[in-house]
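The values are calculated or read from the model by the stated rules, or taken from the named source; none is laboratory data. What you see is a predicted model, and the numbers here were worked out from it, not measured in a lab. Here the Cβ is made from the backbone with ideal geometry for all residues, glycine too, and neighbour counts use every protein chain on show.
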Amino acid sequence: MHNTIKNLSDIEKNIKEYLNELNIYNYPKIIAVSKTFKIDKILPLINHGHLHFGENKVQEAIDKWTEIKKNNSSIKLHMIGKLQTNKVKFAVKLFDFIHSVDSEKLAKKIVDEQNKLNKKIKTFLQVNIGNEDQKSGINKNDLNQFVSYCNEIGLNLIGLMCIPPVNIDPEDYFEEMKNLNRSFGFKELSMGMSSDFYKAVKHSSTYVRIGSSIFGQRS
């Protein structure tokens, strides 16, 4: 068994056992964050039947995934990095999910491009849950207004996303995100990475974005 398949299988098993102990029986989907990894590292997971993969650069994703997605329409590609408006038309064509919507300008551009392609791309709003100056994301106090705007223009919002501050226990942030997500009636919640996914799934994350724990450290 290829080591990436073993790593993924172990994570799936461990999450399931952990949640069962908490009497939680909704298991998250695991996005294998394949950014910077070459396709030979990713192919074993594709052949194993894994469907959800994450990239954070549009051009890298185009180079790696265009042919693969043509031949395997069930693969779901997630844009998890910051998306610039000048790359939106390429992103909408290739990706199935965008996790990093954080401005009205970006939201409107996504809607305009998906309408041209007659495609409904699934989107998450990125929340700056720690109010960090250096981080992307909507301030939580502006969320109501922003969600209303996205609904008005026809963005296909499915949930919220966050990256909590580093070197601080993320538990309270994840709890707050869970409550915010529920307040809007969203079904999906994107949070949790290699370092904190157990705490994220405890707080109802439905998509966890895991890279190094599956593929190993990036060079």
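Quick look at the values:
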| item | result |
| --- | --- |
| Where L157 falls short, out of the listed (1) in contact (Cβ under 8 Å) with a residue 12 or more places away in the chain; (2) surrounded by fewer than 20 Cβ atoms within 10 Å (Cβ to Cβ); (3) more than 14 Å from the chain's Cα centre (by Cα) | (3) |
| S183 being within 21 Å of V33 (Cα to Cα) and among the hydroxyl-bearing types (S, T, Y) | no |
| Matching entry among K64, K89 (being crowded, with 16+ Cβ neighbours inside 10 Å, in contact with a strand residue (DSSP E or B) (Cβ under 8 Å, 6 or more places away or on another chain) and not in a strand (DSSP E or B)) | K64 |
| Test: residue in the range 135-142 that is surrounded by fewer than 20 Cβ atoms within 10 Å (Cβ to Cβ), small (G, A, S) and free of Cβ contacts under 8 Å to residues at least 60 places away in the same chain | yes |
| Condition check for F37: part of a loop (DSSP other than H, G, I, E, B) and aromatic (F, W, Y) | yes |
| Candidates I46, I62, I80, I75, filtered to the one that is modelled with pLDDT of 95 or more, more than 22 Å from S213 (Cβ to Cβ) and either in contact with a Gly (Cβ under 7 Å, 6 or more places away or on another chain) or β-branched (V, I, T) (or both) | I62 |
| Test: residue in the range 101-111 that is surrounded by 12 or more Cβ atoms within 10 Å (Cβ to Cβ), in contact with a helix residue (DSSP H, G or I) (Cβ under 9 Å, 6 or more places away or on another chain), in contact (Cβ under 8 Å) with a residue 40 or more places away in the chain and of a type in the set (S, T, N, Q) | no |
| One residue from V33, V92, V88 being in contact (Cβ under 8 Å) with a residue 60 or more places away in the chain and either closer than 23 Å to T123 by Cβ or of a type in the set (K, R) (or both) | V33 |
| Count of the range 29-65 residues which are closer than 23 Å to K82 by Cβ and under 19 Å from the mean Cα position of the chain (by Cα) | 23 |
| Cβ-Cβ under 9 Å pairs, at least 6 apart or on other chains, the range 166-186 side closer than 18 Å to F146 by Cα, far side of a type in the set (D, E) | N181/E188 |
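This table checks each residue for (1) in a helix (DSSP H, G or I); (2) not acidic (D, E).
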| residue | (1), (2) |
| --- | --- |
| L8 | yes, yes |
| I11 | yes, yes |
| E17 | yes, no |
| N20 | yes, yes |
| I24 | no, yes |
| A32 | no, yes |
| K70 | yes, yes |
| G81 | no, yes |
